[in-house]
Amino acid sequence: MVKAFVVLSAALLCAALCHAEPSERYLQGMVGWLQADDVWQIDADSSGQPLAADLGDLLYGGGAVQMNFGNTALEYGYETGGLVSFKNDARYVAAAGDNGGAVGAKIDNEFWLVDLYMGAYTGIHLGDHLRFYVSVGPALLIGSLDVDDSEPVSIPQSGTVVVSSAGRHTKGALGFYGKLGVDILFDSGITLGASLRQVNAKLDFGAAGEMQFNDPQYFITVGKKF
């Protein structure tokens, strides 16, 4: 099913790019969040167990544009977009272990993320004021993590660990994304909607751990149809 959807999306994208001019454009501003409790995993050599660092909620902001080459209620085309997320000087408790043991560390860090993507999309209008769409394609993630300090946390009847990975770590990764969305269209051309997006990509920061971005992202969108 996934392969078939990717092939169909690639075909839609190729068909759209063969057209000289889109019939409609949708410009979207996006604000959303990702629940990132288990995104950050750190290999702690001193404990022998991986640590799961709690990032909490990552807030996202950005925008996208969709180019529609269809002339009926059925849309097809491509979209491009970009998102940014940022966390500054936060302290996270890292806890380990599926085997009953537990270790912990408090980590002072600064993290930022850029998420760029381009893919094929298809949509359908239900009447004059409602449309649904789905998109899929490649995504490029660029993340930078600055770990300033780490101190052990004592957990009763357990050990402690210090994460020795101070310094700035910047990495990029390629992945795929998929997005489902709905828009309410007003007569003025203004659109108001919501979307659910998921990207499959991993940023490896070496001694500072890795971040696996494969959880749903939720967005509110405000835009304009041209």
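Derivation of every value follows stated rules applied to the coordinates shown; laboratory data play no part. These figures come from a predicted structure and were not determined experimentally. Every residue, glycine as well, gets a Cβ built from its backbone with ideal geometry; the counts of neighbours run over all protein chains shown.
A few notes on this one:
- FRET efficiency, 1/(1 + (r/R0)^6) with R0 22 Å, evaluated for Ile142 and Gln41 via beta carbons: 0.70
- Two-site label geometry, Asp215 and Asn71: point separation in nm, points 7 Å out along Cα→Cβ: 4.7 nm
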